[in-house]
Structure formats: C-alpha cells, structure tokens
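Below is one structure, written out as structure tokens, with a few remarks after it.
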Amino acid sequence: MTLRIGLVGCGNISDIYLINAPRFPAVRFVACADLKPEAARRQAETYGIEAVGVSELLARGDIDVVLNLTIPAAHAEISLAALESGKHVYSEKPLASTLADGIAIVEAARARDLRVGSAPDTVLGAAIQAARQQIDAGTIGRPVLGTGAVLSHGMEHWHPDPTFFFKPGGGPVFDMGPYYLSALVNLLGPVRSVQATGQIAFETRRVTTPHSPIRGRDIPVEVLTSVQALLSFESGAEITFLASWDVWRHGLRPLEIHGTEGSMRVPDPNWFGGDIEIAIGQGDWETSDTSDRTFGGANWPQAEPRFANYRGLGLAEMASAIEAGRPHRANGDVALHVLAVVDGVIEAATTRKSVTIAQRCERPEPLGEAEAARLVEGGRR
C-alpha cells in the first residue's frame, strides 16, 4: 500500500522531501499548497504534482497524510485542521510552537484514531542508530553524563527571511534543539527534569543574506538566543546542552556521551550519517564509518554530496507502520515529549527554577539495518 501525501508549506525544506520521495515506495506526493500560490505552483511544476489551495488540499479525498512544512507558528493550525479532515499528519519540527498546542494535536489524533508523526527523522539515520546499537550493547557501560552543543551565529546570513527565527516559537532551542533532544531521547530515553540559564546577546539582527528581499533590515530579537541547560534523564544520565546563535567560532563536538566503561562521540544529529567514535577506558578513540548503511551515504547537496540527507524517512517509516499496524518511531508522543523539554528549558532559563517534564514518552524501537533497507526496496536509491 502506498500512502498519498499532500504537502502544505512550499518553502526551503520542501525540496529535500520532494527530491527524496522516489526513494520510498510507501509514499507518493499528490498535491502541494502554500499561502503564496506562486510557491506552490513552482514546486508543482518542478516535481510533477498538483498545486491547490490549502483548504482544497485538506478537503481532498485522495490524500491520506498531510505533510506540514509550514513555519512553526502555523504548525498547530494546519495539523489540527488536517486531523479534523480525517487525515494523518507528519510535521516538521517542532511539533508546535507552544506546549498547549502540541498537547492538543496529540489528543486530537488519539481521539480520531489517526497518526501524528514529526521530524526530526535524522534519529532514524545510520549514525544515531549505530550509536544506539553500541549503547544498547553496553559498549560504553551505563551512560552517566555528556554534552550536546549546537552553536553558531544565527540564521540572518543565509535564510531569505529569518524573521520568524527570532520571534516566539523560534530561537536556537526551538529551532535546533529538537535534533539534539530527539537524538538523546532515542539514545538514553526520556528526560525527567531540566535546569537552565539563558540570555539575549544582541537586541536586533541585521539580515545579510544575498538576494534576500529584506537584506539590510534589522530584526528585533524576542527570544533567548543563548541557553545552557542541564537535562536529567529517567535513566540517571545527565547531559549538559548548549544552544546559541551568539557564537562566532567553537571547537565543541555535537554530542558526547560518557559511560562507566567508555566514551562515545556522536556526529551532528542534523544529518543522517557520520562517524561514531568510541574510546574504552583510557584507550584511544576508534572510529566507525556508517556510510555503508542504507541511510548513511552522502547524497546532499546533489551537485557535490557531502552529507547524508534522507529527510522523508520518518514519513515513509510512518506509512510502513500504518500498513503493518504497528507504532511508528518518529511519533507524536516522542515529538510532544521533546516539545515539553524545549518548553521546559525556556521556562527554566527564564525563571531559573528546575522544571519537571510531565509529558513523557517511551523510547522508540531501534531501526535495524534490515528493516531500513526494506523501506527503500523498489524505490530509487
């Protein structure tokens, strides 16, 4: 069975979903919509699908799943409308821009016996799954502590209109945090509580993106742009998480996890592949390449592949799970838990008080290499 997909939101991220779609026989794009009709027409012409209005797409009977790629502030409105129309939903991260909206989405889906999926699906890629395999095998012993760091100098130098990144629902924790937090939840299980501090280093951001229609404009900053958090996991592990758009240059690894028997370095969870590094005891680092796995080989950018980018994998895995009648891995409960952690980090940074995470989830099942390979059987690799 192939599930028919309707895409809402034809911005930057939509290209990679549409480019990767032929890899996955479980999904087929039917139509796309955007508040800017010209954006929908452009993607429809490029990828051979139909451009329609948002309300028309939601009302169509030949669409099974709505892929919600709108800006975060619109995630809840579109996802709830799709569920109301009887369609499953798969959303870009975060699940919603507020915890209350995230709860409403998950509850609406449950009431209608529909599925909610959410990015990031990078956690299903070769690197995170290989790291999980090592953790589950006890290679580094019991995970005790570690660090996660996503540090840069913001979005205003490359995104055509980065305004929404600096408004409520934006900022580095909401925007990039889900990649790191979802990876950690898959590796270590759910978070129990968070503590944090935060600040705004620059009151405005000047857009310098070449060819941007708002190049030279100053954007008022309304969200924390630097946050340092301590995540306490139910498993007993404690991870220091740093997220900032105020850093010019740094030398920190994306993820390090230290256990009772050894240490592990995990590559950037914004991508699907990369090398795993493990040191046992006081031994040297040993590197494991994941490029030979199904979702580990470099494929992006198309002209000069340097990264493994298989966005759409979570959507395809959800489609496969619906057909098989089993839970999908990039599911609404995980996305809601990650949203609760993101929300908790911001609350803790604002109030300087510890926040308990009430919305818990089960650690998703690992995606083995054999099952990963089946997701692309009959598709274009």
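The values are calculated or read from the model by the stated rules, or taken from the named source; none is laboratory data. Because the structure is a prediction, the values reported are computed rather than measured. Cβ atoms come from the backbone with ideal geometry, glycine included; neighbour counts cover every protein chain shown.
Here S212 meets the list (1) modelled with pLDDT of 95 or more; (2) surrounded by fewer than 20 Cβ atoms within 10 Å (Cβ to Cβ); (3) of a type in the set (G, A, S) almost entirely, failing just condition (1).
Could you tell me whether L252 is among the aliphatic types (A, V, I, L, M), within 23 Å of V345 (Cβ to Cβ) and either assigned to a strand (DSSP E or B) or over 17 Å from the mean Cα position of the chain (by Cα) (or both)?
Values: among the aliphatic types (A, V, I, L, M): yes; within 23 Å of V345 (Cβ to Cβ): yes; either assigned to a strand (DSSP E or B) or over 17 Å from the mean Cα position of the chain (by Cα) (or both): yes.
It is true that L252 is among the aliphatic types (A, V, I, L, M), within 23 Å of V345 (Cβ to Cβ) and either assigned to a strand (DSSP E or B) or over 17 Å from the mean Cα position of the chain (by Cα) (or both).
For G169, the conditions (1) under 15 Å from the mean Cα position of the chain (by Cα); (2) within 20 Å of D268 (Cα to Cα) all hold with the exception of (2). Put simply, of I128, I140 the only residue that is in contact (Cβ under 8 Å) with a residue 24 or more places away in the chain, in a loop (DSSP other than H, G, I, E, B) and either more than 19 Å from L69 (Cα to Cα) or small (G, A, S) (or both) is I140.
Of the residues making up segment 1-18, those that are part of a loop (DSSP other than H, G, I, E, B) and either surrounded by fewer than 22 Cβ atoms within 10 Å (Cβ to Cβ) or more than 23 Å from the chain's Cα centre (by Cα) (or both) are M1, T2, G11, N12, I13. The one condition from (1) charged (D, E, K, R); (2) part of a loop (DSSP other than H, G, I, E, B); (3) more than 27 Å from K93 (Cα to Cα); (4) touching a strand residue (DSSP E or B) at 6+ places or on another chain (Cβ under 6 Å) that E277 does not meet is (2).
Residue-by-condition table, conditions (1) in contact with a Phe, Trp or Tyr (Cβ under 7 Å, 6 or more places away or on another chain); (2) in the same structural domain as R253 (by TED's automatic domain parsing); (3) modelled with pLDDT under 95:
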residue: E286; (1), (2), (3): no, yes, no
residue: D289; (1), (2), (3): no, yes, no
residue: R293; (1), (2), (3): no, yes, no
residue: G312; (1), (2), (3): yes, no, no
residue: E317; (1), (2), (3): no, no, no
residue: I322; (1), (2), (3): no, no, no
residue: H337; (1), (2), (3): no, yes, no
residue: G344; (1), (2), (3): no, yes, no
residue: T350; (1), (2), (3): no, yes, no
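Per the listing A31, A21, the residue uniquely of a type in the set (A, V, I, L, M) and in a helix (DSSP H, G or I) is A21. Of all residues in segment 152-175, those that are in the same structural domain as V194 (by TED's automatic domain parsing) and on the phi > 0 side of the Ramachandran plot have Cβ atoms under 7 Å from Cβ atoms of residues that are hydrophobic (A, V, I, L, M, F, W, C) and part of a loop (DSSP other than H, G, I, E, B), 6 or more apart or on another chain, in G154/W245; G171/V223; G171/L224.
Please go through segment 221-264 and give me each residue that is acidic (D, E) and touching a Phe, Trp or Tyr at 6+ places or on another chain (Cβ under 9 Å), ordered by number.
Initial filter on segment 221-264 (acidic (D, E)): 222, 234, 238, 246, 256, 261.
If the condition is that a residue be acidic (D, E) and touching a Phe, Trp or Tyr at 6+ places or on another chain (Cβ under 9 Å), then E222, D246 are the ones that fit.
Could you list, in sequence order, the residues of segment 192-249 that are among the polar types (S, T, N, Q), within 22 Å of M155 (Cβ to Cβ) and not in a strand (DSSP E or B)? The answer is T208, T209, S212, T225.
Answer yes or no as to whether S291 is more than 30 Å from L18 (Cα to Cα), of a type in the set (S, T, Y) and touching a residue at least 60 places away in the same chain (Cβ under 8 Å). Answer is no for this residue. Scanning segment 319-364 for residues that are within 17 Å of the chain's Cα centre (by Cα) and among the charged types (D, E, K, R), we see that the one that is surrounded by the most Cβ atoms within 10 Å (Cβ to Cβ) is D343.
Would you call R326 farther than 18 Å from L99 by Cα and not aliphatic (A, V, I, L, M)? Full working, then the answer.
Working: farther than 18 Å from L99 by Cα: yes; not aliphatic (A, V, I, L, M): yes.
Answer is yes for this residue.
Considering segment 255-272, the residues that are part of a loop (DSSP other than H, G, I, E, B) and surrounded by fewer than 19 Cβ atoms within 10 Å (Cβ to Cβ) include one that is nearest to the chain's Cα centre (by Cα), namely N270.
Any residue that is farther than 22 Å from M155 by Cα and among the small types (G, A, S) - is there at least one of those in segment 64-73? The answer is no; no qualifying residue exists. For segment 73-86, indicate whether the set of residues that are surrounded by fewer than 24 Cβ atoms within 10 Å (Cβ to Cβ) and in a loop (DSSP other than H, G, I, E, B) is non-empty. Yes, that holds for at least one residue. Taking every residue in segment 234-251 that is more than 16 Å from F202 (Cβ to Cβ) and pairing it with any residue that is among the hydroxyl-bearing types (S, T, Y) and part of a strand (DSSP E or B), at least 6 positions away or on another chain, the pairs with Cβ-Cβ distances below 8 Å are E238/S232; I239/T147; T240/T147; F241/T147; L242/T147. Would a scan of segment 312-319 turn up a residue that is in a helix (DSSP H, G or I), within 13 Å of R115 (Cα to Cα), out of contact with any helix residue (DSSP H, G or I) (no Cβ under 9 Å at 6 or more places or on another chain) and not aromatic (F, W, Y)? Within segment 312-319, one or more residues are in a helix (DSSP H, G or I), within 13 Å of R115 (Cα to Cα), out of contact with any helix residue (DSSP H, G or I) (no Cβ under 9 Å at 6 or more places or on another chain) and not aromatic (F, W, Y). Can you say whether Q302 is in the same structural domain as F174 (by TED's automatic domain parsing) and at pLDDT below 95, as far as the supplied structure shows? For Q302, the condition - in the same structural domain as F174 (by TED's automatic domain parsing) and at pLDDT below 95 - is met.
Taking S182, is it in contact (Cβ under 8 Å) with a residue 24 or more places away in the chain, part of a strand (DSSP E or B) and either aromatic (F, W, Y) or under 16 Å from I239 (Cβ atoms) (or both)? Answer is no for this residue.
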